[in-house]
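The values are calculated or read from the model by the stated rules, or taken from the named source; none is laboratory data. What you see is a predicted model; the values in this text were computed from it and never measured. Neighbour counts are summed over all protein chains in view; Cβ atoms, including those assigned to glycine, are modelled from backbone coordinates with ideal geometry. Protein only, heavy atoms only, side chains kept; ligands, DNA and RNA dropped before computing areas. Shrake-Rupley method; radii C 1.70, N 1.55, O 1.52, S 1.80 Å.
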Amino acid sequence: MKPLASAPAVAVLFASLFLSAPLHAADLNVAVAANFTAPMQKIAEVFEKDTGHKLVLSFGSTGKFYAQIKNGAPFEVLFAADDETPARIEKEGGSVEGARFTYAIGKLVLWSKQDGLVDDKGEILRKGSFERLAVADPKLAPYGAAAMQTLNKLGLADSLASKFVTGENIGQTYQFAATQNAQLGFVALSQVYADGRITEGSAWIVPEDMYEPIRQDVLVLNKGKDNPAAAALMDYMKGETARKIILSYGYAL
């Protein structure tokens, strides 16, 4: 039998563990736009390892989060899919002054789970050789608004309207296409892209001049103003680790 560690040795061990653990670790309630689900999950994992703070993540549409925040939802930080909603919250006095910035610029893609269905110029939209096209609700989801701007520029919004399957957020819209309930879907590039390539299926990355820039802002809400994890997360999002993860999902900065 091995001898028990001496009291001084145990004390040194506990002291070293205490000193290596982050002080004042806290939980943080974070509302995250659905398009940013995968990168935020990765960021949350490394953020907790690096700082000790834990992120409690909720994913959904920016429009619904805005309504929930107005009704007293306990969110402390909002990662929006646009810059208009955070600006509105800031103007209404619902956030910490000076704590808003653009964390990513999103990109729109026409995607199908089927290999070879979508060509690299999106000509399938003109051919109409598909039954359903998934589009996020343009009133709630900035990626849905970008999809409609694209279709309007192509002159196809009216002719394809009967084929639309509308998702309440970009997460649901992606599910329609991923399950092939819709053969095509306008989704966020981040949902089908990793490490420099489309992960499966076929896609047309929509030229950025076809829609208004999808500037995605983050801000600290009033409920998070005294939470040290909120300030730590804002700093972390500007650092190299978070930026590399964001870029790896096809966003611009």
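Hey, could you get me the Stokes-Einstein D for the range 15-107, Kirkwood radius over alpha-carbon pairs, 4 °C and 1.567 mPa s, rounded to whole µm² s⁻¹?
In µm²/s, the coefficient rounds to 89.
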Tally Lys and Arg at +1 and Asp and Glu at -1 over the other residues with C-beta under 11 Å from the C-beta of Asp119: what net charge comes out? +1
Qualifying GluC sites (Glu not before Pro) for the range 115-208 [loop in DSSP, other Cβ within 10 Å: at most 12]: Glu123, Glu131
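Taking the solvent-accessible surface of protein heavy atoms with a 1.4 Å probe, what is the per residue accessible area of the chain in Å²?
Details: 12790 Å² over 253 residues.
Value returned for the chain: 51 Å² of accessible area per residue.
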Thr241 and Thr199 label points (each 7 Å along its Cα→Cβ direction) are spaced in nm at 2.2
Quick calc: nm separation of the 7 Å Cα→Cβ label points for Ala161 and Met210 -> 2.0
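Based on DSSP, what percent of beta bridges with both residues in the chain are antiparallel, to the nearest 5? It would help to have the intermediate numbers written out before the result.
On the way: 20 of 36 bridges.
Restricted to the chain, the bridges split so that about 55 percent are antiparallel.
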Scan [x] 37, 18, 16; [y] 32, 20, 17; [z] 41, 22, 14 for the value of semi-axes √(5λ) of the Cα gyration tensor in Å calculated from this model and give just the label. [z]
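Could you compute Rg(Cα) / (2.2 N^0.38 Å) for the range 67-146, with N its residue count? Before the final figure, lay out each step's value.
On the way: Rg = 17.7 Å, N = 80, 2.2 N^0.38 = 11.6 Å.
Dividing the Cα radius of gyration by 2.2 N^0.38 Å gives 1.52.
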Violating pairs (Cα-Cα greater than 31 angstrom) within the set Lys153/Lys223; Lys54/Lys91; Lys91/Lys113; Lys121/Lys163; Lys64/Lys127; Lys113/Lys238: Lys153/Lys223; Lys91/Lys113; Lys64/Lys127; Lys113/Lys238
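Which shape class, rounded, prolate or oblate, goes with the range 148-253 when its Cα gyration tensor gives a ≥ b ≥ c as root eigenvalues, a/c under 1.5 marks rounded, and past that a/b bigger than b/c marks prolate?
Working: a/c = 2.15, a/b = 1.85, b/c = 1.16.
Judged from the Cα gyration tensor, the range 148-253 comes out prolate (a/c at least 1.5, a/b above b/c).
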Asn152 versus Gln41, label points 7 Å from Cα toward the beta carbon: distance in nm? 3.4
Using each residue's phi in the range 126-134, evaluate 6.51 cos²θ - 1.76 cosθ + 1.60 at θ = phi - 60° and report the 3J(HN,Hα) Karplus result to the nearest Hz, with x for Gly and Pro. 6, 5, x, 8, 7, 8, 9, 10, 7
